[in-house]
Number of protein chains: 4
Amino acid sequence: MHKFAIGVLGASGYAGRELCELVARHPAARLAFAAAGEREGTRARFGGREVRFVAAEEAPLASAALVFSALPHGASAPWVTAAHAAGAKVVDLSADLRPGSGAACVPYGLTEHARADVRGAAIVANPGCYPTVTLLALLPLVARGLVAPGATITVNAASGVTGAGFTPRRELMFAEVADDFRPYSIGNTHRHLAEMRAVLASAGCDADLIFTPHLLPVSRGILATITVPLTQPLADVLAPWRDHYAGEPFIEVGEEIPSLRDVVHRNAVRLTATMATGVRAPTVVIVAAIDNLVKGAAGQALQNANLLLGLDETMGLPV
Amino acid sequence: MHKFAIGVLGASGYAGRELCELVARHPAARLAFAAAGEREGTRARFGGREVRFVAAEEAPLASAALVFSALPHGASAPWVTAAHAAGAKVVDLSADLRPGSGAACVPYGLTEHARADVRGAAIVANPGCYPTVTLLALLPLVARGLVAPGATITVNAASGVTGAGFTPRRELMFAEVADDFRPYSIGNTHRHLAEMRAVLASAGCDADLIFTPHLLPVSRGILATITVPLTQPLADVLAPWRDHYAGEPFIEVGEEIPSLRDVVHRNAVRLTATMATGVRAPTVVIVAAIDNLVKGAAGQALQNANLLLGLDETMGLPV
Amino acid sequence: MHKFAIGVLGASGYAGRELCELVARHPAARLAFAAAGEREGTRARFGGREVRFVAAEEAPLASAALVFSALPHGASAPWVTAAHAAGAKVVDLSADLRPGSGAACVPYGLTEHARADVRGAAIVANPGCYPTVTLLALLPLVARGLVAPGATITVNAASGVTGAGFTPRRELMFAEVADDFRPYSIGNTHRHLAEMRAVLASAGCDADLIFTPHLLPVSRGILATITVPLTQPLADVLAPWRDHYAGEPFIEVGEEIPSLRDVVHRNAVRLTATMATGVRAPTVVIVAAIDNLVKGAAGQALQNANLLLGLDETMGLPV
Amino acid sequence: MHKFAIGVLGASGYAGRELCELVARHPAARLAFAAAGEREGTRARFGGREVRFVAAEEAPLASAALVFSALPHGASAPWVTAAHAAGAKVVDLSADLRPGSGAACVPYGLTEHARADVRGAAIVANPGCYPTVTLLALLPLVARGLVAPGATITVNAASGVTGAGFTPRRELMFAEVADDFRPYSIGNTHRHLAEMRAVLASAGCDADLIFTPHLLPVSRGILATITVPLTQPLADVLAPWRDHYAGEPFIEVGEEIPSLRDVVHRNAVRLTATMATGVRAPTVVIVAAIDNLVKGAAGQALQNANLLLGLDETMGLPV
C-alpha cells in the first residue's frame, strides 16, 4: 500500500508522542520526521522502531504529504504557515487557529460535525480536549433547537494530568497530584471557553455556559457531566444523540454510565443522558467521556488527516 | 479530667473505626465499647490501645454516657431507641432519622446551623457526607435570600471510595477504581437528595437541585463544585460565607481554590466562591471540600457529641 | 482464514477476560464459549462483540478445537480432563498440573524453554506469573552452569493487584491497597515456590531460592529483582540472555532498567542485568518485568495455544 | 514552657517543610526562621500559622538555639559551619558529614544506636532514609555476631517519590510515576551505600551488601526486605530486635508483616523477621518500614534535636 509521508512537529510532548505512535502504526503512513527542539538528537521508539528527534528548523517539511503540529499555543501558527508553504497539508493541534482565537479562518476539525469542510481543506484546526467532549455532547441538542433559550448550561469536566502537558512543573509532580482532586480556572476563566462559545454560537445556540475543569489523579481521560435546561422534556432521552450520530464509528451512545476506562487508549466518545427528576425546568444530565490524548488530541487529528489525504476516516485508529 | 464513657455501634466500618480512634484520643472520653457484629471477638488498635470488638447484643449500652451508631441505614433506628432507653445520649450516623427520611423528628446535627437544638437534645441525626458539604455551602446564600427563586442549583460532587463503605464489593476493588472516574446515581436518583431538599426547603429555599455524585480514585475526601443562580451579583463574593461563619473553628473561607489535601484527616470545610463571567444570569460558582470520614461523618458526630455532653465543641477534633 | 473454535472456562476473572479478549481479536480463532458459573447469563463485550457467559456444565466442550481453563487451583483439573476427553486440546492456567504439584506430567508451557514439548502436546500446564518472570531470568544462567553451586538466589518480586484475583476481598479494596506496599508469604511460604524449585532442579540448578512477593498499588505488572551468586564474574553481563533468547519475539534484553510501563498490555519480558560492585562473591543483579495477565497468564497461554494448533506462535499477541 | 528558637535551612523541600511543621507544633520550640532561597518572600502555613520564607543569607543564625539544615548534599556543609560558628547546635540532614562521606567526624544520629554521642554533640549528621531503615534492621544482628562472616546481605528497598525531592523533574511527574514500579541505581551504585557500609564496618560487620532501591507510585514511605545469612538458625527469630530495642518508643517489633500505612506520618519503625524455609544456609528475612520523611528524615532529626537541647527524646514527635 502507498505510504504517505507524515511529519510531526512538537513530537516529544504527550500528544506529540501519541501522534508519532499512531503514524508509525498507520497502514498507509510512515513517519517522515519527528521534530522536538528540546530533545533534538535523542531517540524514542514508535511502532517498535527507533526514531531520532530533529530540530523543527531541520524538519524536511517539503518531504511530507501532511504535517501535524503539536507545538505549544502561540508557537504553532508560524510553523503551520511554513508547512503549508512547503506544500504539506496541516493539522494544527494548538489553539492558534481555532474558533475564538481571532485568527484567520480554517475548518475546525470536530470531525463528526465538519467532515465536508475538512475533506477539502489544506489546513485544519484540531479541537481542544475539553471542547471536543463538550461540543460533541451539546451540538445534537443545539441542532434540534432543544436547548432552552437564554438558559445556562453547566459543564463540569475532570481531566487526567497528561492534559496539562509534559513540561515539568511542581504542581504536576506525583506527590502533589496523588490522592488529590481540585478544580481550576473557576468562574469561567479557562482559555477553552472562547472556543466552545464560538462554535456553539455559530451553531445557533443562545444559552450561556459555565465551565469548570478539574484535575484528576489519573494519567489519561476526560469525563464531563453536563446539565442542559431544555425547551421540553425528552421522551426518548437518548434519541438526539442516537439520531445525530447514527453510523458514526467513534461515538458510542448508550444507557450505561461512561467512565474513563471505557475510553482510554481509544478514539471513542462514550455518552449517556438522563432527564433530571424532581426539578421544574426540564433538564437533561449528560455524561460523556473521551481519552484526552486520543479523541481529545492525536486520535481526532489523525481522523482529520485521514480525510485530508483521502483515506478511510477510521484507518489506523484504535477503536 | 473526668472521662465520659462512649460506645460505638457499627465500629468496624470506615466511619466506625474513625469514631473509635477519635474517642480513644479524646481528652474527656474513653471508649466504653466497640460493637461490630461481623468482627465480634477480633481486635483492633485505637489510640494505641488494643480493643476487642463485641457483638451489638452484648454492648453495655447502659454503661455509656453517649453512644454513636454507625450502623447501616435501616438497621440503626432500633439501636438508637435501645441506647436512648438505656439512658445514653445518641448520635446516629445513619440516614434513619434524618430530614426527608419520614421518621420521627430529632435535631439534624449540621452543627454550625443547629448548635442550639443539638445542645439540648437526647438524640441527634448526624448529616450525610454529601449533604454536609452541600448544605454548608448553600445555607448562607439561602439565609440571605440570595438564591434566585425557582432557579436550578447544580451540585457536582466527587468522593473518595471510603464513602462507599467497608463491605467488599467488586466495583470497589483496587483494580476497578484505579485510573478511573465516573458519576453514579445520575438524574437526581441519589438517596441523599431527600435529606438536602428537606433541609433547604425548611430554610426557605425555593430553588431546585440537580445533584450528581462521582467516584474518585482516592481513599478520602469529597469536593463539591456548585453553581447557584442569584438574585443579584455579589460585589464581595465571599462575604456571605465569611459573615455567616465568622468565628467558626472548622470552616475556612478564602480565595484559594480548595482541594482534597487541604482537608483530609481534619474536621474542616474549605470553601471558596467566585462569580461566573460571561453569563447573563448572575451565578456564583462555589467549591467546597471536606474529609468524608471526618467533617462528613465521625468528626462532625464528635462535634455534636461534645455539645450533647456539655464539652467544648472542638475537643478531641483534628484541626 | 480458517478460524479455530476456542472455549474459555473461568472466563469472568481477570485472566479469563483477558483470554476472551485475545481470542476474540485473534485472526485465526473465534470464541466458541465463555463459561463463568458465577456470572452465568450475564454478558460482556470481547473484541467489540457481546458475549453471554454460560455455566461450565453447559459449555460445548466438544465443539472446541482448544479450551483454556482459567478455573481456580483445585477446581481446574477435572475440567481439563473433561475437555481433553471431549477431543479438545487444553491449556490449563491453574497450578493443578504444573511441576511441583504432584500431579500427572504434562508439558510445562514456559514457551521459550519448552517449545518442542508444547508443539506435540494435548494438554499444557501454563506457568504461574511469578514463575514465568523468575524462570525466564534464571534459566539462561543455569543452562550455562554459571550459578554458584549451593548458593542462595534471592528473588524479590512485586505484583499488581490483578494477580490476586477478581473475587472481592477486603484487603484488595481500593482504600486498603492505595498508598501502600507490603510483602506477603515471607520466609519462603508462597505456593509458587514448589513450581519454581521443580523447574530449576530439573534444569540442574543446585542453588537455593528465597522468594518474597510484594503487593503493589497498581493494577497490572510484575517486576522481579533477583540476585544470583555466580561461579565467575560475567565480562559481558547481558550475553547469557542475549544468546539464549536470540530471535525470541517476546523477550527484550537491554541495558535500560525495565519498569512496569514497558510491558503492560504486551506479551513481553523486559530484562536487564548488571554485576554488583563492591562484593567479594561475584553476583549478578537481574531485573525483569512482565504483565502478570499477559506474559504471566493469558498471553503466554495463547502463545502455547498457537503452537498446539500449528499456528504462528506470535499470532494474535500484542507486542 | 520555655520555647527554644529553632531555624530551618532548606525549608521549602519535602523534608524542610516537614521539619517546619514539626517545629511549629513542638511544645518546647518555636520556628525562628524558615530559609528557602528559591521561595524567598513567599509564605506557607506551619502549625496553623503563616510563615514567610527568607533567603539563607538573611537567616538570623545567631538567634537560634538549634538549626536544621535540609539543604542539598554538597551545599549544606558550609551552612552547618556557619550556624555552628554563630553558636547554634546543628542537625544536618544532608549527606555531607555522614560516615563514608570523607568529611570531618561528627556523631551519626541513628538515634537508637548513638544516643550518648548525640547528647553531648554540637553537630549531628542525620542519617539518610534508606540507611535508617536498613541499619536499624541489621545492627542488632551485627551486635550479636549473628551475621555469617563473608556473607552477602541483600537489601531490596522501595520508596515513595517524596524521597526523590521537591525539584520538578520529568521522571517524577504524576503521569510518569503512576501505575509504574522500577528499580534504580542497580548493581550497588546508590550513594547511600558508602554510609551503610561505613556504619556496618565500624560495628564489626564483615558481610557484603547488595542494595537495590526502587521507586514506588506512592507519596510517602520506605519498605525494605532484607535477607541475611546467619551463623546459625534463630530459635526465637524476633529476639535480637526485641532485646535490642526493648523500651525504645519508636521501634515496633512484631509478627505482623509491616506495610507503609503502618508507619506513614509517624516517627516509627515497624519490623518483623522470619527464618526462610527450604534453604541450606540459615537465612533470616527481615521486613522493615518507615516514613521516609519522618523517621527517615525530619522526625529522626527532631529526635536528635531533642537530645541536643536536653529535652525528652519523644517530645513533639508523632507516634
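Normalised by 2.2 N^0.38 Å, where N is the number of residues, the alpha-carbon radius of gyration of chain C equals 0.98. Pairwise Cα distances in the range D:253-303 exceed 13 Å for 59 percent of all pairs. Counting Cβ atoms of other protein chains within 10 Å of each Cβ in C:189-201 and taking the mean gives 1. Placing a label point 7 Å from Cα along the Cα-to-Cβ axis, residue A:115 is separated from the same position in the other copies by 4.7, 6.4, 7.9 nm, shortest listed first. Rounded to the nearest 20 debye, the dipole size of the range A:129-292 about its Cα centre is 260 debye, using +1 on the Cβ of Lys and Arg and -1 on the Cβ of Asp and Glu. Each of A:146, A:246, A:216 was scored by the projection of its Cα onto the charge dipole of the range A:129-292, and the greatest displacement toward the positive side belongs to A:216; charges sit on the C-beta of Lys, Arg, Asp and Glu.
Over all other residues within a Cβ to Cβ distance under 13 Å of residue C:249, the charged ones net out to -2, with Lys and Arg as +1 and Asp and Glu as -1.
Summary value for the range C:129-292: 31 percent relative contact order, contacts being C-alpha pairs under 8 angstrom separated by 6+ residues. Of the residues C:300, C:172, C:310, the one whose Cα sits farthest toward the positive end of the charge dipole of chain C, with +1 on the Cβ of Lys and Arg and -1 on the Cβ of Asp and Glu, is C:310. P(r) tail for the range A:129-292: Cα pairs beyond 21 Å make up 47% of the total.
Residues whose amide H falls under 5 Å from that of residue A:181, counting only those 5 or more places apart or on a different chain, are B:260, B:261, with hydrogens built in the peptide plane.
Straight-distance candidates among the lysines for linking to residue A:89, with alpha-carbon spacing under 23 Å and chain neighbours fewer than 8 residues away dropped: A:3, A:295.
Here the protein assembly as shown is treated with +1 on each Lys and Arg Cβ and -1 on each Asp and Glu Cβ, and its dipole about the Cα centre works out to around 0 debye. Between the label point of residue D:47 and that of the same position in each other copy, find the distances and list them shortest first in nm, with every label point placed 7 Å from Cα along the Cα-to-C-beta direction. In nanometres, ordered from closest: 2.5, 6.2, 6.7.
Per-residue mean of foreign Cβ neighbours for B:158-165 is 3 (Cβ atoms of other chains, 10 Å radius). For chain A, a simple Cβ point-charge model (Lys and Arg +1, Asp and Glu -1, everything else neutral) yields a dipole of about 460 debye relative to the Cα centre. Does the range D:218-268 come out rounded, prolate or oblate by the C-alpha gyration tensor, with a ≥ b ≥ c the root eigenvalues, rounded set by a/c under 1.5 and, if not, prolate when a/b is larger than b/c and oblate if not? Since a/c reaches 1.5 but b/c is at least a/b, the shape of the range D:218-268 is classed as oblate. Dimensions of the protein assembly as shown from C-alpha coordinates, computed as largest minus smallest value along each principal axis and given longest first, are 83, 83, 66 Å. With contributions of -39500 (n - 2.57) from each DSSP H run of at least four residues, the per-residue ellipticity at 222 nm computed over the protein assembly as shown stands at -7000 deg cm²/dmol. Against the longest alpha carbon principal axis of chain C, how many degrees, from 0 to 90 and to the nearest 10, is the axis of helix C:14-25 turned? Computed tilt is about 70 degrees.
Of the two radii for the range A:17-88, the radius of gyration is 0.94 times the Kirkwood radius, both from the alpha carbons; that is the Rg over Rh value.
For chain C, averaging the sequence separation of C-alpha pairs within contact (under 8 Å, six or more residues apart) and dividing by the residue count gives a relative contact order of 18 percent. Take residue C:169, move 7 Å from Cα toward the beta carbon, and the resulting point lies 2.1, 3.6, 4.2 nm from the same point in each other copy, nearest first. Over every Cα atom in the range A:224-319, the radius of gyration and the widest Cα-Cα span, Dmax, amount to 15.3, 50 Å.
Counts of other chain beta carbons within 10 angstrom of each beta carbon in peptide D:145-154 average 3.
Under 11 Å from the Cβ of residue D:291, count the other residues' Cβ atoms, weight Lys and Arg +1, Asp and Glu -1, and hand me the total. Result for the neighbourhood of residue D:291: +3. Distances between placed amide hydrogens fall under 5 Å for residue B:166 paired with B:14, all partners being 5 or more residues away or on another chain. Farthest towards the positive end of the charge dipole of chain D, among the residues D:88, D:14, D:269, is the Cα of D:88, using unit charges on the Cβ of Lys, Arg, Asp and Glu.
Sorting B:45-57, B:138-150, C:204-216 by average packing, meaning the other beta carbons within 10 Å per residue, from highest down gives C:204-216, B:138-150, B:45-57. How far is helix A:299-308 tilted, in degrees, relative to the longest principal axis of the Cα atoms in chain A, given as a value from 0 to 90 rounded to the nearest 10? Between helix and principal axis, roughly 70 degrees.
Using alpha carbons only, how many degrees (0 to 90, rounded to 10) separate the axis of helix A:129-143 from the longest principal axis of chain A? It works out to around 50 degrees.
Among residues other than residue D:81 with Cβ under 14 Å from its Cβ, the summed charge is -1 (Lys and Arg +1, Asp and Glu -1). Checking every one of the trypsin sites (Lys or Arg not before Pro) in the range C:1-37 against DSSP loop status and a limit of 16 other Cβ atoms within 10 Å picks out C:3.
Our Cα-only numbers for the range C:1-158 put the radius of gyration and Dmax at 17.3, 55 Å.
All of the numbers you see were taken from the coordinates with simple rules; none came from a lab. All figures in this text were calculated on a predicted structure; none of them were measured in a lab. Note that each Cβ is placed from the backbone with ideal geometry, even for glycine, and that neighbours are counted across all protein chains shown.
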